[in-house]
Amino acid sequence: MCGADGTRPGEQKDDCPWHRFESIIKRLRGPDGCPWDKQQTYQSLRPFVLEEAYEVVQAASEQDADKLREELGDLMLQVGLYAEIAEEKEHFTLADVIDGISDKLVRRHPHVFGDRKADTPEQVEELWAEIKRNERGKSPCRSEMDRVAQGQPALMRAQQQQAIAAQVGFDWPDVRGVFEKLAEEISELREAWSRDDQAQIEAEIGDLLFACVNLARWLGVDAEVALTRTIDKFSRRFRLMEAYLEQYHLTIKEVAMDTLDELWEKAKDRENRKG
């Protein structure tokens, strides 16, 4: 980390943004700091980390550079708070975090910082998998699936599990098998529905979603990003329907389904023209 230059935290930028950032975090957590920041713990910050990470993804999806810069800063705040809490507990420091990721980047890029060769993204992925397996040989990890963090959203976790399975050869020979599996899961879901077997319906819904994620992986699509975009699209079109109805002092609940279908198509057409 950089040395101090005598400025008070937050007053002005010095030659080392990292030092200013760390000083501000320490001030927030200090005796005369912010009551909210001072009460945060490893556990209490968890929802904020997830929220800020999603907002980074949203800004990147929108290709809004100003918003992305701001959201990355908000995410860094969570990193800074975690590191400061850890330093207070004498677990590690922000410098340890930065040194750790720097060491890992060098270690996992021997094709850049060493004498290994990897000329394509696919070769890089194979090299990373090899290095990570060697690293796990020194840790208590007992399964390939231990590489996937359980606290992630379900779609992300599913896609990572499937990618790991594919790396060790447990995968379909081509995408046609995935399409067939998808059709099979839909058929099994229909069967469970016809029997009104609620437990089995839930299980088959899970299998169907898992198969959809696998198809996304095969087609080079991030399932979490794809679903997020669809959710956003649905929200925009629904809001347009509400806006149309508001012109006539009506709400969604007050009109028939065929009218809603017409308004939905109108919203789609408007969005397609803008796009």
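How large is the charge dipole for the chain, taken about the Cα centre, if only the Cβ atoms of Lys, Arg (+1) and Asp, Glu (-1) carry charge, to the nearest 20 debye?
Values: 39 positive and 56 negative charges, 94 e Å.
With Lys and Arg at +1 and Asp and Glu at -1, about 460 debye.
Which entries of K38/K89; K26/K67; K253/K274 show an alpha-carbon separation above 22 angstrom in the structure shown?
Among K38/K89; K26/K67; K253/K274, the Cα-Cα distance tops 22 Å for K26/K67; K253/K274.
Which of the chymotrypsin sites (Phe, Trp or Tyr not before Pro) found in the range 86-179 are in a DSSP loop and have at most 12 neighbouring Cβ atoms, other than their own, within 10 Å?
Listed in order of number, the matching sites are F170.
Loop sites only, by DSSP: take the trypsin sites (Lys or Arg not before Pro) in the chain that have at most 11 other C-beta atoms within 10 Å and name the longest stretch containing none of them.
196-275
Would you please classify the overall shape of the range 143-221 from the alpha carbon gyration tensor, given that a ≥ b ≥ c denote the square roots of the eigenvalues, rounded means a/c under 1.5, and beyond that prolate means a/b larger than b/c while oblate covers the rest?
Taking the square roots of the gyration eigenvalues as a ≥ b ≥ c, the range 143-221 is oblate.
Any chance you could tell me what percent of the C-alpha pair distances in the range 17-107 go past 17 Å?
Roughly 56 percent, once rounded to a whole number.
Classify the range 225-274 from the C-alpha gyration tensor, please: rounded if a/c falls under 1.5, else prolate or oblate depending on whether a/b exceeds b/c.
Judged from the Cα gyration tensor, the range 225-274 comes out prolate (a/c at least 1.5, a/b above b/c).
Summing Lys, Arg as +1 and Asp, Glu as -1, what charge do residues with Cβ under 10 Å from the Cβ of Q58 carry, Q58 excluded? Please list the in-between numbers first.
Working: positive: K67, R229; negative: E55, E62, D64, E71, D232.
Residues close to Q58 contribute a combined charge of -3.
Counting C-alpha atoms alone, how compact is the chain: give Rg to one decimal and Dmax as a whole number, in angstrom.
Radius of gyration, then largest Cα-Cα span, for the chain: 24.8, 74 Å.
Values in this text are rule-based calculations from the coordinates and carry no lab data. If you're wondering where the values come from, they're calculated on a predicted model, not measured in any experiment. No Cβ is skipped: glycine too gets one built from the backbone with ideal geometry, and neighbour counts run over all protein chains shown.
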